[in-house]
Amino acid sequence: MNLTVTQFMRPDGRWKSIHLTIPDDYKAKVEEYQSRDCEITCEQLRTGEAAQYISCSEGDFAIAISPSGKKADAALLKMINQFDIAEFDEWLKGMVE
C-alpha cells in the first residue's frame, strides 16, 4: 500500500509530501489513525536520527526515534502497528479538556 508522509525539512521547517510503499498488512492500522484525522510526519534530527510521529491538530500522539535508513522504516512500521484507537481517544480527551 502507498503511504503519504509529511517530511519537515531542516533548517527552516519547510515541508514536503513523500510517498512510501508499506506492506498491505498495515492498511487497517493506517485507516484507524486516519479515521481520527491523524497523519504520519517525520523529520531528521540534528543528531542524524529520524523522528517519526503520528500527529493530529492537538499534537503528536506517538513518536518513534531511530537511526535513519532501514531502521527508520522498521520503527515506522512498529509505530503504526502499535497504534491503539482507544488509547488515542483517551489521550485526545485529555488534550481538549
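The values are calculated or read from the model by the stated rules, or taken from the named source; none is laboratory data. Please read all numbers here as calculations on a predicted model, not as lab measurements. All Cβ positions, even for glycine, are placed from backbone atoms using ideal geometry, and neighbour counts span all protein chains on display.
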Given the structure, is Tyr33 assigned to a helix (DSSP H, G or I), out of contact with any helix residue (DSSP H, G or I) (no Cβ under 6 Å at 6 or more places or on another chain) and of a type in the set (Ser, Thr, Tyr)?
yes
Can you go through Tyr26, Tyr53 and tell me which one is touching a residue at least 40 places away in the same chain (Cβ under 8 Å), surrounded by 11 or more Cβ atoms within 10 Å (Cβ to Cβ) and either assigned to a loop (DSSP other than H, G, I, E, B) or among the hydroxyl-bearing types (Ser, Thr, Tyr) (or both)?
Tyr26
Going by the conditions given, is Val5 aliphatic (A, V, I, L, M) and closer than 13 Å to Met79 by Cα?
no
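What's the total number of residues in region 56-67 that are part of a strand (DSSP E or B) and of a type outside the set (A, V, I, L, M, F, W, C)?
Of region 56-67, the ones part of a strand (DSSP E or B) are 56, 59-66.
Add one more test, that the residue is of a type outside the set (A, V, I, L, M, F, W, C), and what stays is 59-60, 66.
The number of residues fulfilling the criteria is 3.
Filter region 56-71 down to the residues that are buried (at least 19 other Cβ atoms within 10 Å of the Cβ) and without any contact (Cβ under 8 Å) to a residue 24 or more places away in the chain, then identify the one that is farthest from Glu32 (Cα to Cα).
As a first pass, look at region 56-71 and keep what is buried (at least 19 other Cβ atoms within 10 Å of the Cβ): 61-62, 64.
Next, only the ones that are without any contact (Cβ under 8 Å) to a residue 24 or more places away in the chain stay: 62, 64.
Details: Ala62: 14, Ala64: 18 Å.
Ranking the qualifying residues of region 56-71, first place goes to Ala64.
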If I ask for residues that are surrounded by 10 or more Cβ atoms within 10 Å (Cβ to Cβ) and either touching a residue at least 12 places away in the same chain (Cβ under 8 Å) or closer than 25 Å to Trp91 by Cβ (or both), which ones from region 36-50 would you list?
Arg36, Asp37, Cys38, Glu39, Ile40, Thr41, Cys42, Glu43, Gln44, Leu45, Glu49, Ala50
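Give the residue that is nearest to Val5 (Cα to Cα), with candidates limited to residues of region 74-97 that are without any contact (Cβ under 8 Å) to a residue 12 or more places away in the chain and under 14 Å from the mean Cα position of the chain (by Cα). Even if it seems obvious, please write down each step before you answer.
Keep residues of region 74-97 that are without any contact (Cβ under 8 Å) to a residue 12 or more places away in the chain, which gives 74, 84, 86-87, 90, 93-94, 97.
From what's left, under 14 Å from the mean Cα position of the chain (by Cα): 74, 84.
Values: Ala74: 15, Asp84: 19 Å.
Among them, the one singled out is Ala74.
So for region 32-46 (the condition being touching a Ser or Thr at 6+ places or on another chain (Cβ under 8 Å) and modelled with pLDDT under 95), does at least one residue qualify? I'd like the intermediate steps shown before the answer.
So in region 32-46, the residues touching a Ser or Thr at 6+ places or on another chain (Cβ under 8 Å) come out as 37-42, 44.
Applying the additional criterion that residues be modelled with pLDDT under 95 yields 44.
There is at least one residue in region 32-46 that is touching a Ser or Thr at 6+ places or on another chain (Cβ under 8 Å) and modelled with pLDDT under 95.
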